[in-house]
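Visitor: Quick one: the structure is below, and I'll ask about it shortly.
FYI, it's all coordinate maths here, none of it is from the lab. Only a predicted model underlies this, so the values are computations on that prediction, with no experimental measurement involved. Cβ: placed from backbone, ideal geometry, glycine included. Neighbour counts: every protein chain shown.
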Amino acid sequence: MEEEKNILEKLSCPLPIADYDTVTMAHGGGGKMMNNLIEKMFMHYLSNTMINEKHDGAVFTAEGHKFAFTTDSYVVNPVFFPGGNIGELAVYGTVNDLSMCGAKPIYLSLGLILEEGFLIKDLEKIIISIKNACEKSGVKIITGDTKVVDKGKGDGIFINTAGIGIVRDDINISPSQVKEGDVILLSGDIGRHGIAIMTTRENLDFESGIKSDCAPLNNIVQKLIDEKIEIHCLRDLTRGGLGSALNEIASQAKIEIEIEEKSIGVIEEVRGVCEILGFDPIYVANEGRFIAFVKKEDAEKALKILKSEENGEFASIIGEVKSKNKNGIVILKSLMGAGRILDMLSGEQLPRIC
Amino acid sequence: MKYLDEYRDSGKTKKMLDAIHRKVTHDWNIMEICGGQTHSIVKYGIDELIPKKINLIHGPGCPVCVTPVEKIDKAIEIASNPNVIFCSFGDMLRVPGSNTDLLKVKALGFDVRIIYSPVDAVKIAKENPDKEVVFFAVGFETTAPPNAQAVSLAYQTGIKNFSVLVSHVLVPPAIKAILNSKNNRVQGFLAAGHVCTVMGYKEYEEIANEYKIPIVVTGFEPLDILQGIYMCVSQLEEGRHEVENQYARVVSRDGNLKAQEIMYEVFEVSSSKWRGIGEIEESGFKLKEKYKDYDAELKFGVLDYTIEESGECISGLILQGIKKPGDCPAFGTKCNPEHPLGATMVSTEGACSAYYLYKEKKIL
Amino acid sequence: MCLAVPGKIFEINDSDELLRTAKVSFGGALKVINISFIPEAKVGDYVLAHVGFALNIIDEEEAQKTMDYLKQIGDIE
């Protein structure tokens, strides 16, 4: 009977959306489940040439100019974390998505959903952070919206930002531009943001100096462009970490990527917490790091530029594009030299004992 | 990080690998007991770097994998109670029960919390006197003393709204069951280093003698595992069958007596069912009579459950080392980490999950 | 069994008999770990931590022996 039911379901729905009746936390984790939801439901209904690019932002032409447009929502808990708060995340996140398209970010919109009972003084702190973040990244907020929901219906505060930027005519940065032989650079050490959040969770009880790496990336990207580095693709690392970003590009660009594990920088404290919780730093969230696929000949120069940045101490060359026209695969060479497949994260990483 | 980095050093591991290559002349089947060792082996590619003559068989050392379906179903039933705060290690959340899993129960709005340490559950009970707090006490002998300490703490401080759902399993009976099975091909064991940190390795001496099989207590970092393999292969090549201790920096013959004392104060040995394998005598723990008020199965009346397992999942055969994940027709297709058919695919230490994460595309 | 991580004892809290704990450093990040299984532990010791409990003190001498053993095998054959 069960089997029959399954066969019937298969016949009537050629694109089974999900085997879950309800949304789970894993659907927001930045890994496979979220990608499945996007592919099988959102893209199924909303497909068009621009959204199909699946890049961080959409680039389009209007009145003879190239623009980039993006949106992102911020639901982080706790709202205030070591190294920042939801306000600057909301600005930098969208600024960074625009930069990843090669755009110069100019304007943002700001949508706030506030939960009844949220402290006004906390709201003010967040707004001040937003103001400072805008100044630091050279953007302006030009429109906004505010809503309040009943107590219990929102996690304190949710923020949505949408952003618009200008793309120079000669800039074409997207997964489709990646070429065989491209070198992959990582702008700094990984894992700070995710671990900073983890250490504040009450039941985990850590004391550490780890701060979120939350930062705008448009200035450094502009520097690379100004120095004539031939950039083919950029991707900022967010949820799902470096591992997910590499897989996304590999699958969108249809390439085989090879990465050296020993070249990936992780600071001691982040490592310590990851070891205790059983986390792989390669999948931990970041908010101020990106990967760049550049022409091989420009790699060393690009690395120098990245290293000269404020947080660029651990910038490194982590790998290369081995070949094009594959199904999209990331190979990680371990410390011992053996290669293994680095898959997209499944669901979200949970602290483990085993 | 000290005591980690030096055991992951590529120069040292290369030396060890070369030594293994020089040593081995025959084909050997070696089983690493612990899921954490499997994880390391697959993550660092050790199984690809050692000589082809050595076949590493992945053992049942993943308490998450061997927790019977009934226990998961009981956990789900208890957790689906609005008056309960259900605390568990993260590993258990995605293990499939008969119909659903704890993560989905959490998604439905029930209070399911991931904790790092069992004493955190006692703390939660203290802070929420109007709720019943239940802790899913899973693990091998390694986790039993901490779990016992939590129960002891609750008992001594008079915390009554706390109970544990016990699913503890013991390693030596599992080794014997594997060695007694007629399909057994295992010729040597890498014993679980952290289990032995607590229990010592006295109990393995009789097994090594009776079955004439080398057992090397082994750690978890690549250098530890390679050294363990080297020591085991050396014994096999030389026709010896002893218990040796590679992980001597934390394991002693008697183990940690204080930890054992606390463990046996709260728990006693009982028969236990292993998912995919079946019932093994004297292979688990249950709470002693003195602590029966802390037994969640009694408190919530979830005593009688019998479940039949899915036919497709061959995790039992994988746990016994008889088949490999690639042999399973459902591997990577019907069965994957998002939709696991059995625990070996869900648990990060499960053989199927390890294979999927690191080798999937090669096999498929 | 599985995930146990080495860390260095930074500070010991002797105040509670049942919950004798220590702040243990893992790469610089401090976590409170129960040390009731290792009553002889002192500040500066390295311990192996599993689910918030120290299972044992790491024996530096034995650790050194492991490294020496490796040298032996590497050199002899």
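Visitor: Convex hull over the Cα atoms of region B:154-295, averaged projected area in nm²?
Guide: Result: 10.2 nm².
Visitor: Could you calculate the contour length gain from B:Glu289 to B:Asp327, that is, 0.36 nm times the residue separation minus the distance between their Cα atoms, to one decimal place in nm?
Guide: 9.3 nm
Visitor: Would you please give the FRET efficiency between A:Ser47 and A:Asn77, computed as 1/(1 + (r/R0)^6) with r the Cβ-Cβ distance and R0 = 35 Å, to the nearest 0.05?
Guide: My answer for the efficiency is 0.60.
Visitor: Which residues' amide hydrogens lie under 5 Å from the amide hydrogen of A:Ile106, considering only partners 5 or more residues apart or on another chain, with H built in the peptide plane?
Guide: HN-HN under 5 Å from A:Ile106: A:Ile164, A:Gly165, A:Ile166.
Visitor: Give the Debye-formula value of log10 I(q)/I(0) at each listed q (0.08, 0.11, 0.12, 0.13 Å⁻¹), with one equal scatterer per alpha carbon of chain B, two decimals each.
Guide: Result of the Debye calculation: -0.39, -0.75, -0.89, -1.03.
Visitor: OK, next. Determine the dipole magnitude for chain C: charges of +1 sit on the beta-carbon of Lys and Arg, -1 on that of Asp and Glu, nothing else is charged, the reference point is the Cα centre, and the result goes in debye to the nearest 20.
Guide: 360 debye
Visitor: Report the antiparallel proportion of the DSSP beta bridges in chain B as a percent, rounded to a multiple of 5.
Guide: 25 percent
Visitor: Rank by packing, highest mean first: peptides A:217-228, B:116-127, with packing defined as the count of other Cβ atoms within 10 Å averaged across residues.
Guide: B:116-127, A:217-228
Visitor: So, R0 is 60 Å and r is the distance between the beta-carbons of A:Glu310 and B:Asn183; what FRET efficiency does that work out to, to 0.05?
Guide: 0.50
Visitor: Output wanted: per-residue J couplings in Hz (rounded whole) for region B:282-297, from phi through Karplus 6.51 cos²θ - 1.76 cosθ + 1.60, θ = phi - 60°, x for Gly and Pro.
Guide: 6, 10, x, 10, 9, 6, 5, 3, 4, 10, 5, 5, 9, 8, 5, 5
Visitor: In nm, to one decimal, how far is the modelled label at B:Leu257 from the one at A:Glu115, with both set 7 Å along Cα→Cβ?
Guide: Label-label distance for B:Leu257 and A:Glu115, simple model: 5.2 nm.
Visitor: Still on this structure, please answer the following. List, in order, the whole-Hz ³J(HN,Hα) value for each residue of region B:91-96 obtained from phi through the Karplus relation with A = 6.51, B = -1.76, C = 1.60 and θ = phi - 60°; use x for Gly and Pro.
Guide: So the Karplus estimates, Gly and Pro as x, are 3, 7, 5, 9, 6, x Hz.
Visitor: What is the average number of partner chain Cβ atoms found within 10 Å of a Cβ in A:275-282?
Guide: 6
Visitor: Then there is this: Check cross-link reach from B:Lys324 to the lysines: straight Cα distance under 20 Å, and skip same-chain residues fewer than eight apart.
Guide: By straight Cα distance, B:Lys324 reaches B:Lys43, B:Lys52, B:Lys53, B:Lys182, B:Lys334, B:Lys359, B:Lys361, B:Lys362.
Visitor: Tilt of helix C:60-76 relative to the longest C-alpha principal axis of chain C, in degrees (0 to 90, nearest 10)?
Guide: 20 degrees
Visitor: In whole Å, what are the Cα extents of region A:175-341 along the three principal axes, biggest one first?
Guide: Extents along the principal axes: 46, 35, 26 Å.
Visitor: State the cysteines of chain B left without a partner when partners are defined as other cysteines whose beta carbon lies under 4.7 Å away.
Guide: Singleton cysteines: B:Cys34, B:Cys87, B:Cys196, B:Cys232, B:Cys313, B:Cys328, B:Cys335, B:Cys352.
Visitor: Could you grab the relative contact order for region A:175-341? Cα pairs under 8 Å, six or more apart, rounded to a whole percent.
Guide: Relative contact order comes out at 43 percent.
Visitor: If I model a spin label at B:Thr100 and A:Thr200 as a point 7 Å from the Cα along the Cα→Cβ vector, what separation in nanometres do I get?
Guide: Calculated label separation equals 3.1 nm.
Visitor: Quote the relative contact order of chain B in percent (integer), defining contacts as alpha-carbon pairs under 8 Å separated by 6+ residues.
Guide: Rounded, it is 22 percent for chain B.
Visitor: Give me the inter-chain shielding for C:35-48: mean count of other chain Cβ atoms within 10 Å, whole number please.
Guide: 3
Visitor: On to the next question. Report, for the protein assembly as shown, the % of DSSP beta bridges that are antiparallel, rounded to 5.
Guide: 65 percent
Visitor: On to the next question. Given the Cα-Cα distance of A:Asn327 and A:Glu39 and 0.36 nm per residue of separation, how much length would full extension add, in nm?
Guide: Difference between extended and current length: 102.1 nm.
Visitor: Turning to a different aspect of this structure: Go through A:Lys32/A:Lys125; B:Lys12/B:Lys258; A:Lys131/C:Lys8; B:Lys202/C:Lys42; A:Lys125/A:Lys304; B:Lys23/B:Lys323 and tell me which ones have a Cα-Cα distance over 31 Å in this structure.
Guide: A:Lys32/A:Lys125; B:Lys12/B:Lys258; A:Lys131/C:Lys8; A:Lys125/A:Lys304
Visitor: What distance in nm separates the simple spin-label points at B:Asp18 and B:Lys212, each placed 7 Å from Cα in the Cβ direction?
Guide: Distance between the two pseudo-spin positions: 3.6 nm.
Visitor: So, one more: Would you calculate a helix-derived [θ] at 222 nm for chain B, using -39,500 (n - 2.57) for each DSSP H run of n ≥ 4 and dividing by the full residue count, to the nearest 500?
Guide: Calculated from helices alone, the mean residue ellipticity at 222 nm is -12000 deg cm²/dmol.
Visitor: Sort A:150-159, B:52-61 by packing, meaning the average of other beta carbons within 10 Å per residue, with the highest value first.
Guide: B:52-61, A:150-159
Visitor: Of all DSSP beta bridges located in region A:53-167, what percent are antiparallel, nearest 5?
Guide: About 75 percent, rounded to the nearest 5.
Visitor: In chain B, if the dipole is taken from +1 on Lys/Arg beta carbons and -1 on Asp/Glu beta carbons about the Cα centre, which of B:Gln235, B:Gly193, B:Tyr356 is farthest to the positive end?
Guide: B:Tyr356
Visitor: Run the numbers for A:Lys211 and A:Thr143: contour at 0.36 nm per residue of separation, minus the present Cα-Cα distance, in nm.
Guide: Additional length available on full extension: 21.4 nm.
Visitor: Evaluate the charge dipole of the protein assembly as shown about its Cα centre and quote only its size in Debye, nearest 20, assuming +1 on the Cβ of each Lys and Arg and -1 on the Cβ of each Asp and Glu.
Guide: Roughly 1220 debye, rounded to the nearest 20.
Visitor: Next question, about the same structure. How far, in degrees from 0 to 90, does helix B:35-44 lean away from the longest principal axis of the Cα atoms of chain B, to the nearest 10?
Guide: The helix B:35-44 is inclined about 50 degrees to chain B.
Visitor: Do any GluC sites (Glu not before Pro) in region B:140-218 lie in a loop, going by DSSP, with at most 10 other beta-carbon atoms within 10 Å of their beta carbon, and if so which?
Guide: none
Visitor: Working from Cα positions, state the angle (0 to 90°, nearest 10) between the long axis of helix B:222-238 and the longest principal axis of chain B.
Guide: 60 degrees
Visitor: Let me ask something else about it. I need the Debye-formula profile for region A:229-277: one equal scatterer per C-alpha, no solvent, reported as log10 I(q)/I(0) at q = 0.29 1/Å, two decimals.
Guide: For the requested q values the scattering log ratios are -1.22.
Visitor: Let me ask something additional. Return the inverse of the average 1/r over all pairs of distinct C-alpha atoms in the protein assembly as shown, which is the Kirkwood hydrodynamic radius, in Å to one decimal.
Guide: 27.7 Å
Visitor: Please find the FRET efficiency linking A:Met25 to B:Thr25, where r is the Cβ-Cβ separation and R0 is fixed at 45 Å, and quote it to the nearest 0.05.
Guide: With a Förster radius of 45 Å, E is 0.30.
Visitor: Straight distance only, please: which lysines reach the Cα of B:Lys299 with their own Cα at less than 23 Å, same-chain residues fewer than 8 apart left out?
Guide: Reachable lysines: B:Lys71, B:Lys74, B:Lys106, B:Lys123, B:Lys126, B:Lys131, B:Lys160, B:Lys273, B:Lys286, B:Lys288, B:Lys290.
Visitor: Let me ask something else about it. Place a point 7 Å from the Cα of C:Glu61 along the Cα-to-Cβ direction; which residues of region B:235-276 have their backbone N under 18 Å from it?
Guide: Residues B:245-256 fall inside that zone.
Visitor: Within a 10 angstrom radius of each residue's Cβ in B:248-254, how many Cβ atoms of other chains show up on average? Whole number is fine.
Guide: That works out to 6 on average.
Visitor: Putting +1 on Lys and Arg Cβ atoms and -1 on Asp and Glu Cβ atoms, find which of B:Tyr3, A:Ile318, A:Ser244 reaches farthest to the positive end of the dipole of the protein assembly as shown.
Guide: A:Ile318
Visitor: Moving on to the next point. If one computes P(r) from the Cα atoms of chain C, what percent of pairs lie at distances over 18 Å?
Guide: Result: 44 percent of Cα pairs exceed 18 Å.
Visitor: Still on this structure, please answer the following. Of B:Leu165, B:Ala144, B:Asn209, which is farthest along the charge dipole of region B:109-222 in the positive direction, counting Lys and Arg as +1 and Asp and Glu as -1 at C-beta?
Guide: The Cα lying farthest towards the positive end belongs to B:Asn209.
Visitor: Using the Cα atoms of chain A, I'd like the radius of gyration and the largest Cα-Cα distance, Dmax, both in angstrom.
Guide: 20.5, 66
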